[in-house]
1. Given only helices, namely DSSP H runs of n ≥ 4 each adding -39500 (n - 2.57), what is the per-residue ellipticity at 222 nm of the protein assembly as shown, to the nearest 500 deg cm²/dmol?
2. Determine the shape class of the stretch B:69-349: with a ≥ b ≥ c the square roots of the Cα gyration tensor eigenvalues, call it rounded for a/c under 1.5, and otherwise prolate if a/b is greater than b/c, oblate otherwise.
3. Report the charge-dipole magnitude of the protein assembly as shown in Debye, nearest 20, computed about the Cα centre from +1 at each Lys and Arg Cβ and -1 at each Asp and Glu Cβ.
4. What spacing in nm lies between the two simple spin-label points modelled at A:Asp113 and A:Val173, each 7 Å away from Cα in the Cβ direction?
5. May I ask what percent, to the nearest 5, of DSSP beta bridges between residues of the protein assembly as shown are antiparallel?
6. Hey, got the dipole for the stretch B:69-349? About the Cα centre, +1 on K and R Cβ, -1 on D and E Cβ, debye to the nearest 20?
7. Regarding the stretch A:7-262, what is the average projected area of its C-alpha convex hull, in nm²?
8. For the stretch A:208-225 and the stretch A:126-187, what is the separation of their C-alpha centers, rounded to whole Å?
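Derivation of every value follows stated rules applied to the coordinates shown; laboratory data play no part. These numbers were taken from a predicted model, which means no experiment stands behind them. As a convention, Cβ positions derive from the backbone with ideal geometry for all residues, glycine included, and neighbour counts pool all protein chains shown.
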Amino acid sequence: MPNQSNLGVSELSFRYGRQTILADCTASFPRGKITALLGPNGAGKSTLLKLAAGLLPLQTGRISGAGQNRLAHSRLCAWMPAVTQVAFNFSVFDIVRMGLYPWHLGSPSKSDDQAAMAALTEVCAAELADRQVWKLSSGERQRVMLARALVGPVDYLLLDEPLTNLDLQTGFVVLDILRKRAEQGVGIVISMHDLALAAQLTDQFVCLHRGSVVGSGSLHQSLSQGLAERVFGVKAELASNRWNLSKLTTEIPGNLTNPSKKLP
Amino acid sequence: MSRPRSNQIIWLVSLALLLLGIIANVASGSADVSAAETLQGFIAKLQGNQPTESAGLAWTVFAQLRLPRTLTAAFVGAALAVAGVLAQGLFREHLASPTVLGSEAGGSVAAAVAFYLGLAYWHPLLLPLAAFAGASAATGIAVSISGRGSSDGSSGFASPIANLMLSGFAINALLGAATSLLITVALEEPGRAGRALAFLIGGFQGKGFEHVAIASTTFAVGLLAALRLARPLDVLSLGEETASSLSIDTRSLRRWTLAVIGLLVAGSVSAAGALPFVGLMVPHVARHLAGPSHRQLLALSAVQGACLVLLADLMARHIRAPAELPASILTAMLGAPFFLMLLSMRRSAE
């Protein structure tokens, strides 16, 4: 491994035209940990993930632990968008094998075929291999796209809302897979909305609000310090009924005002 | 992985159709010559004998007129179909084609102007070069205009296809005005301007081996280059950002793909003028038959593009026989309804 430092961003700012999307964001994504990227819609989560994946030009700030060039970075981290529109009706197998492009560079071998099948099996979608991608349900498609991201031997998975469109059971299957990858040393960053789920299943969090990092570290701690109230305008209470399982109930407060006004 | 048996059948049928198309085109024409006489003429030529008068004539008709015409049609059809596959792959859109993007009109107007100005007499390569410049300029303008004002301001490649088609429409309208201008000049000055018009109205009347040379060379180079772009174009169908996250340099992929489209269109318009919609219809049919994987799609489209244009030229010679129609009228008459059908299917799918 030529590059063992953690992927991270420091003092990162990004703007589209006059609109500031990210302002002075610093965060680190350790290997072997699942990091939840939290924040309301439009907080800049997707942009942060794209910058970390090297898909947007760097304006201000730095990305540490990145690959030396495009190819090295593609082999270092896989990125999955929230929605993938596939332009042509490829088979599911073909789509998943495309995830290995940074390794085979256009001439896939037998072992690439096997890796693609293994990734599909991992997301419980082996039976979809020969199906055409346009004929999949949105949940099936999401699993296939996840297999496309999981298929390569990457050190980082940057997943933009990987749990949307999944039914509860598949969601837990996916989280189990991610947990297993994390135990193997893969660093995982997932943007998500579900605070309760994030607290239960991720190791640490980074919370964005209006383009700035407003919290990071242990989610349990931050929630007890009122993160949910400040950023999401919801109340979070911890009701622990077993020693290893913390259940979080989130309820919408009676008068839901614009939460951003409460921020300094 | 996918349907090897049916793919073999598709290839066999396509190649058989190509062979049939070549034979039918070589065998038909206004001169009344038989295959036997042609063969006699050929054998006599081989042996260095003086053939009989009818056999000699039959051989000349075959070798000087029909064979180059047929080959030009085949290579032009193949090149336009390959260009169509590239355009659809690059714009990730079934409705894209060299015609819609204005590159065919740009190439043929540039070729006509170059011919009218006499550049073609100066050096034979200037004609395809002018066509390349015209095709690339027209598409480049269409693409860059359609990219303006898109949300991320990056390029026309990420903008909705409607924008691209509207700017293509504007470019085509502009080039239509240039065409009208040339026609006006041609009416006053039938000689050179009249011949320049042939580039605007695509067809294969009187094509010789110099046209075969242009069409075949550009096709061969273009196809080889296109095959190298095939896998990246496959990955591009996942979206520009995903392709980029999979190590593809999308900017360079764009540039190369547009250049190869320009080359293929330039070769075919300098050989035979504009043949609208070949690059739209053929890739669509081939994709439907053999799946979207670009490597196979490029090869199959080349064969089927040749078939389509051979068929168009065959019909063009028979509909008003002994008078001829330009083959471009046939491809337009087939292609425009096809395009509209795709458009309506697309709307009902949404």
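1. Values: 24 runs with 342 residues, N = 614.
One gets -18000 deg cm²/dmol as the mean residue ellipticity at 222 nm.
2. On the way: a/c = 1.63, a/b = 1.44, b/c = 1.13.
Prolate.
3. Numbers: 47 positive and 36 negative charges, 149 e Å.
My answer is approximately 720 debye.
4. 2.5
5. Working: 23 of 40 bridges.
In the protein assembly as shown, approximately 60 percent of DSSP beta bridges are antiparallel ones.
6. 280
7. Directional mean of the projected Cα hull area for the stretch A:7-262 stands at 15.0 nm².
8. About 26 Å separates the Cα centre of the stretch A:208-225 from the one of the stretch A:126-187.
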